[in-house]
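Inspection log for the structure reproduced underneath, given as structure tokens.
The values are calculated or read from the model by the stated rules, or taken from the named source; none is laboratory data. In this text the structure is predicted, and so the values were computed from the model without any measurement. Glycine gets a Cβ as well: all are built from the backbone with ideal geometry, and neighbour counts include every protein chain shown. Heads up: the accessible areas ignore ligands, DNA and RNA and are worked out on the full protein's heavy atoms, side chains in. Shrake-Rupley method; radii C 1.70, N 1.55, O 1.52, S 1.80 Å.
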Amino acid sequence: MVPRLPGYILLRTRLLAPLYASVLVLAILVCVRAGVGFWLEFRRQDASSWVRHTLQVQSEAELLLNAALNQETGIRGYLLTGTKTSLEPYESGQIAFDNTLDRLYELVEDQPEQLSRLNEIVKLYNRWQREFAQPVVLGAAPESSTTLAGKLLFDPLRSQVTAVLQYEQDLLDRRNQQLYRLDQTFRIFNFLAPVLLLVGFGWNLWLLHRRVEVPLYQLTSVAKAWEAGQMQPRLNFQAADEIGQLAQILDRMAGEIDSRQTRSDERNRQLDDLIASLSHDLRTPLLAIRGTLRSMLNGAFGSVSDTWQEVLQEYDQTNEDLLKLVEALLEVSRYEAGSKHLIYEPLNWHKIFTKAIHQERIASKSKVNFDFKVAEQLPTVYGDELEIGRVIQNLLSNAVRVSEPENRVWLEVTAENSSVRVSVSDRGSGIASQEREHLFHRFIQGRGRRGGAGLGLYLCRQIVEAHHGTIGVDSTLGKGSTFWFTLPTIANHL
């Protein structure tokens with residue numbers, strides 16, 4: 001059975017546990033706010049409904065009182081004048097009284113106290129009708145009947161209606177106070193709820209900054225150092241959560257990588273020393289073999305038959321390829337060791353292009369068309385003319401190798417910001433993007449650019465970078481490629 005961790009340990013060992021907890025609290029707060037708001041609004045609507053009900057009861061009670069007063073006024077007028085027209089207010093008031101009384105019964109049916117008052121009003125009204133109003137209307141009242149007698153019977157009725165009105169007024173005052181308190185509570189709650197939400201939101205932002213953003217910023221800065229090849233920096237992030245555990249794992253990995261890289265660098269240095277030594281030792285016998293083979297081909301040791309002539313030419317070409325490989329290895333080792341000495345002088349692009357094209361025509365014997373363009377008013381660029389010529393010669397040779405006969409290879413040099421850009425374009429099959437990423441590494445050959453050991457472009461990169469420039473390629477499959485490199489102008493270089 002997996003043991004359950006205490007809450008405070010869970011908050012320390014889980015990166016986003018405090019955030020989840022605060023978000024949960026915020027969600028609960030939002031739900032509570034919505035629930036309380038709904039409840040307050042319901043209470044407010046209920047109170048408003050009761051206020052409207054009370055006002056309606058008051059209005060009907062006032063109508064009832066007016067109807068009763070109209071009847072009393074009609075009876076009094078009839079007693080004073082004796083004319084039947086004086087009874088019109090009495091008759092209309094009687095109808096209004098009955099209708100209003102029915103509506104009041106409906107309105108206060110759930111109020112026993114008010115129902116009791118209405119019953120008392122009905123009793124008093126019937127008594128007033130029976131003992132005074134009806135006898136007067138029917139002419140059966142004794143001659144001694146006066147308005148005073150009717151008033152004595154009517155005043156209790158008026159008092160009961162007034163009591164109904166006063167009760168509703170008191171009820172209205174209480175409900176208005178309740179409505180006022182609810183409105184105050186609703187306003188206070190509406191003020192406090194956003195404040196609490198903002199506080200919770202700020203708390204979440206602080207948690208994200210402290211537990212996520214700060215560690216990730218530290219991780220990113222150290223990772224950039226690792227990306228640059230500096231494996232010594234460590235995260236040293238002490239925390240029990242996931243980022244702390246990740247930091248510890250990455251620190252261990254960085255230590256292991258640093259140790260492996262140190263061992264690898266040592267092996268590479270030994271291998272480079274071995275290659276440099278072997279290349280140097282191989283160059284001398286290869287030069288001697290080249291001299292001997294060419295002497296034999298020229299008849300220095302007697303005539304050579306056509307068969308042997310062909311064999312010796314093949315040997316000479318193979319020896320020449322080996323010699324170029326050895327010389328490339330020697331040049332690469334010098335650049336990597338930092339022992340290559342460059343002679344800086346103003347570069348003459350017409351001279352460099354013309355010489356490279358001439359040498360390529362002789363070497364490849366291809367029917368590719370060459371052309372070049374040198375932009376006007378180029379800034380002065382200093383560099384080792386022999387080494388820059390070697391770069392152009394290599395790029396030109398690669399372009400010729402992938403070009404069909406009668407195709408065009410184009411060389412161009414233009415000004416670009418604080419540097420010049422030299423480009424060699426062909427109309428070959430192009431290079432895939434995944435191949436372009438590693439094309440300038442050692443022992444890498446692009447598809448369709450076979451013929452060497454994969455050191456030519458790597459050496460070009462070493463030469464250009466030694467001149468503080470950059471090198472690259474733009475290519476589209478099926479349309480060709482443009483190899484380019486940039487060299488800084490004299491002002492930028494200095």
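Some points to look at:
- Cα gyration tensor shape of the range 296-450, rounded if a/c is under 1.5, else prolate or oblate by comparing a/b with b/c: prolate
- Computed from backbone phi, the HN-Hα couplings of the range 302-309 come to x, 5, 10, 5, 4, 5, 5, 4 Hz, rounded to whole numbers (Karplus: 6.51 cos²θ - 1.76 cosθ + 1.60, θ = phi - 60°; Gly and Pro given as x).
- Taking θ as phi - 60° and the Karplus parameters 6.51, -1.76 and 1.60, the scalar couplings of the range 169-176 work out to 5, 4, 4, 5, 4, 5, 6, 5 Hz in sequence order, x denoting glycine and proline.
- FRET efficiency, 1/(1 + (r/R0)^6) with R0 30 Å, evaluated for residue 249 and residue 322 via beta carbons: 0.05
- Computed from backbone phi with θ = phi - 60° and the Karplus coefficients 6.51, -1.76 and 1.60, the 3J(HN,Hα) list for the range 355-368 is 5, 5, 5, 4, 5, 5, 4, 6, 6, 8, 6, 8, 9, 6 Hz; x is used for glycine and proline.
- Computed E for residue 55/residue 159 - FRET, C-beta separation, R0 25 angstrom, nearest 0.05: 0.70
- Here the gap between residue 369 and residue 210, fully extended at 0.36 nm per residue and compared with their Cα-Cα distance, gives a gain of 50.7 nm.
- Förster-model FRET efficiency, 45 Å R0, residue 66 and residue 188, C-beta, rounded to 0.05: 0.55
- A protection proxy built from the mean count of other Cβ atoms within 10 Å ranks the segments 58-64, 480-486, most packed first, as 480-486, 58-64.
- For residue 372, distant residues with modelled amide H under 5 Å away: 411
- Extension gain from residue 196 to residue 43, taking 0.36 nm per residue of separation minus the Cα-Cα distance: 52.7 nm
- Based on protein heavy atoms only, the range 46-91 ends up with 50 Å² per residue of surface accessible to a 1.4 Å probe.
- Full-stretch length increase - residue 386, residue 294 - with 0.36 nm per residue and alpha-carbon distance subtracted: 30.5 nm
- A straight line joining the Cα centroids of the range 183-249 and the range 293-325 runs 74 Å.
- Solvent-accessible area per residue for the range 380-449 (1.4 angstrom probe, square angstrom): 46 Å²
- Highest average packing first - 433-440, 336-343, Cβ atoms within 10 Å: 433-440, 336-343
- Heavy-atom accessible surface of the range 147-232: percent carbon and sulfur, 1.4 Å: 65 percent
- Carbon + sulfur, % of accessible area of the range 299-349 - ligands and nucleic acids excluded, 1.4 Å: 52 percent
- Ranked by the mean number of other Cβ atoms within 10 Å of their residues, highest first, the peptides 184-195, 385-396, 344-355 come out as 385-396, 344-355, 184-195.
- Rounded percent of accessible protein surface that carbon and sulfur make up, the range 40-127, 1.4 Å probe: 50 percent
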